[in-house]
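Student: Handing you a structure now.
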Amino acid sequence: MGTWDTGPFDNDTAADFADALDEAGPAAREALIRGVLIRTIDATGYLTEAEEAVAAAALIAAQCPGDHPVDMAYGPETPMPVFPSDLRALADEALARIAGDEDGLVANWVDPQDRKQWRMMLIRLRAVLAPPLLSIPLFGVQP
């Protein structure tokens, strides 16, 4: 696998995933993204689709309010559909799984000198994807 930077599409596998999204019909794009996120969450052992899951999460985060645009230099050229809100939680869960896999993606994808920058990219994506905190009354008092 070739890697040239720490962005979500800055490796051969994620760039190939972007090509697959471009080649898929509009209705199939959401299914491709959902599938890679679910397989990453459910995987046991090595996370074989982690690079694609990071790219998928970045595409979902790009549609969230207040997010900065994702660098799409190597991302899909075709506009993505508006994703359903449930994909946000799946993307966040997949990123949590990837971030916790010390022997997987971070060890094999990211050069040691770039690991802090890569982890910051994951943290930024997760901050955008995390569901908003619910207003929960404390001690029976409404806010």
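Student: I need the peptides 90-98, 45-53, 18-26 ranked by packing, meaning the mean over residues of other C-beta atoms within 10 angstrom, with the highest value on top.
Tutor: On the way: 90-98: 22.7, 45-53: 19.9, 18-26: 14.4.
Output ranking for 90-98, 45-53, 18-26: 90-98, 45-53, 18-26.
Student: Run a plain Debye calculation on segment 1-98 (Cα atoms as equal point scatterers, no solvent) and give log10 I(q)/I(0) at q = 0.21 Å⁻¹, rounded to two decimals, same order as the q list.
Tutor: Once normalised to I(0) and log-transformed, intensities are -1.08.
Only the coordinates and a few stated rules stand behind these numbers; no lab work does. Predicted model only: the values in this text are computed from it and were never measured. Ideal geometry is used to build each Cβ from the backbone, glycine not excepted, and the neighbour counts take in all protein chains shown.
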